[in-house]
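Read the figures in this text as sums done on the coordinates, not as results from a lab. The structure displayed is predicted, hence computed values, not measured ones. Note that each Cβ is placed from the backbone with ideal geometry, even for glycine, and that neighbours are counted across all protein chains shown.
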Amino acid sequence: MDAPVKRIVAEKYEVLGVLGEGGTGVVHDAIRTSDRKPVALKVMHDALAGDKQIRGRFQREAAILRRLEGEHVCPILDFGELPGEEPGRSLLYIALPKIDGASLAAVLESGLIDVDRALHILVQVLEGLTSAHAQGVIHRDLKPANVLLENGTKAIVVDFGMSKIITGSGLGTTNLTTHNMVFGTPEYMSPEQARGDELDARCDVYAAGIILYEMLTGAPPFTGATPLNVLTAHLTSDLEPPSKRPNADGRVTPALEVVVLSALAREREDRYPSANAFAAAIEHARTAPNDVEAVRPTSFSASPPGTDAFAVTIPVVLGNGPVDVTGPTLIHARPLIGSSPPPRISTKPPLPPPARASSRPPAVPSRWSPPPPEPASNARTWILVWVLVGLASIAAGVYFALRP
């Protein structure tokens, strides 16, 4: 019997099988032929080879992964092109280290995990987020399926395919997604994501809080029959404290409960200002389980010293060519532990200063409310018009009456 023919990709990767498949590509189990190193080879679907947006996302993911560093994020090994099935159409690929371990989602399917292990995992996840945020990268789709546990102990954040670059030099914000479009997994999306608002790093803090809630109780706090039901729950439903869930009896200390509820505050201004601050609160809750005041977000500095903002213009280059050029962009120094929230970036011109605040409450429109009165200047204009029309009518009448 003949031996199976080896499939060699890009003249340097031997494909052994398939690890998984998504909407944009297939992740292959492969080996780098030069050193026999196991890799996960992500190759875009051949049917999408001509899709400029998909190609742009592949290029963006590669550019983002090149920026990341740290032991709790997955680095990139290689990025390139392969011949497609149709002549003249290439496929993009990304090569990543193959991580030996199950996802956190698979671990949670087996049941509740020990609280100490849960906190240890989340602190590592937050360390990975901190390194990404320091490079101006927000994940936007953090969930248990995107956390791999190498050898069951070391947490590594993966799948930055929907990430967004919010600060930095050399890249900047991209236009590969339409404004106000919603991206993410509903159970782990922040309220501002559900609304389609501009995002900052605190959306990842919220998602990490959801993961912690699920590890402590066995289920995320908000679920529903449809994605819309889940998103609506994030925006309107009351958050049940984790200690009140049936599976959490005796697992959640007072300080840990405050940590979870603070990370899941509906308004991002009420959450921890950074992933680093969230991790510090967890560590304090572990050592002082009843010290609820020290773990509140207000216990962390709101404005780090020495952070200055300035406007620059950044050309965006992803992969093999320019994709977009941003306008003036706000750049901030890297956040420190307990620092202020990472900035939200806008290419719009600055807004005019707000008007003087009024002590009167704002009017609430109602469909039964009468229409607002016309301004006095408009009323005078209409009176003058009708007077002129009347005079013209009288003059015309006199003219025709006296006409021979």
Efficiency of FRET between LEU112 and GLN53 - r from beta-carbon atoms, R0 60 angstrom, step 0.05: 0.90
Once phi for every residue in segment 245-251 is put through the Karplus expression 6.51 cos²θ - 1.76 cosθ + 1.60 (θ = phi - 60°), the whole-Hz ³J(HN,Hα) values, with Gly and Pro written as x, are 6, x, 7, 9, 4, x, 9
Using +1 at the Cβ of each Lys and Arg and -1 at the Cβ of each Asp and Glu in segment 7-97, identify which of VAL26, ALA10, PRO75 lies farthest towards the dipole's positive end. PRO75
Could you list the GluC sites (Glu not before Pro) in segment 1-105 that lie in coil according to DSSP, counting only those with at most 15 other Cβ atoms within 10 Å of their Cβ? GLU11, GLU69, GLU71, GLU85
In what sequence do CYS74, CYS203 fall when counting other Cβ within 10 Å, fewest first? CYS74, CYS203
Zone reached by a paramagnetic label modelled 7 Å from GLU85 Cα along Cα→Cβ, restricted to segment 19-56 with backbone N below 20 Å, covers 19-29, 42-55
Fewest first, what order do HIS284, HIS28, HIS139, HIS72 take by the number of other Cβ atoms within 10 Å? HIS284, HIS72, HIS28, HIS139
Cα-projected label distance for ALA288 with ALA102, points at 7 Å along beta-carbon direction, nm: 3.7 nm
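As a footprinting exposure proxy, order SER262, SER34 by other Cβ within 10 Å, with the fewest listed first.
Numbers: SER262 21, SER34 8.
Exposure proxy ranking, most exposed first: SER34, SER262.
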Amide proton proximity set for VAL137, modelled H, under 5 Å, gap of 5+: ILE166
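Magnitude of the Cβ-charge dipole of segment 7-97, K/R +1 and D/E -1, about the Cα centre, nearest 20 debye?
Values: 13 positive and 14 negative charges, 47 e Å.
Rounded to the nearest 20 debye, it is 220 debye.
Among the listed pairs LYS12/LYS52; LYS37/LYS143; LYS37/LYS164; LYS12/LYS98; LYS37/LYS98, which have their C-alpha atoms separated by more than 19 angstrom in this model? List each step's numbers first, then the result.
Working: LYS12/LYS52 26 Å; LYS37/LYS143 28 Å; LYS37/LYS164 30 Å; LYS12/LYS98 16 Å; LYS37/LYS98 9 Å.
As for pairs spanning more than 19 Å Cα to Cα, those are LYS12/LYS52; LYS37/LYS143; LYS37/LYS164.
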Residues meeting the amide H criterion for ALA40 (H placed from the backbone, H to H distance under 5 Å, 5 or more places apart or on another chain) are LEU96, LYS98
Starting from the 7 Å offset along Cα-to-Cβ, what nm value, one decimal, do you get for the label separation of ASN151 and ASP35? 1.8 nm
Which of the trypsin sites (Lys or Arg not before Pro) found in segment 1-91 are loop residues per DSSP with 10 or fewer other Cβ atoms within 10 Å of their Cβ? LYS6, ARG36
Amide H to amide H under 5 Å from GLY20: which residues, 5+ apart in sequence or cross-chain, H placed 1.01 Å off N in plane? VAL27
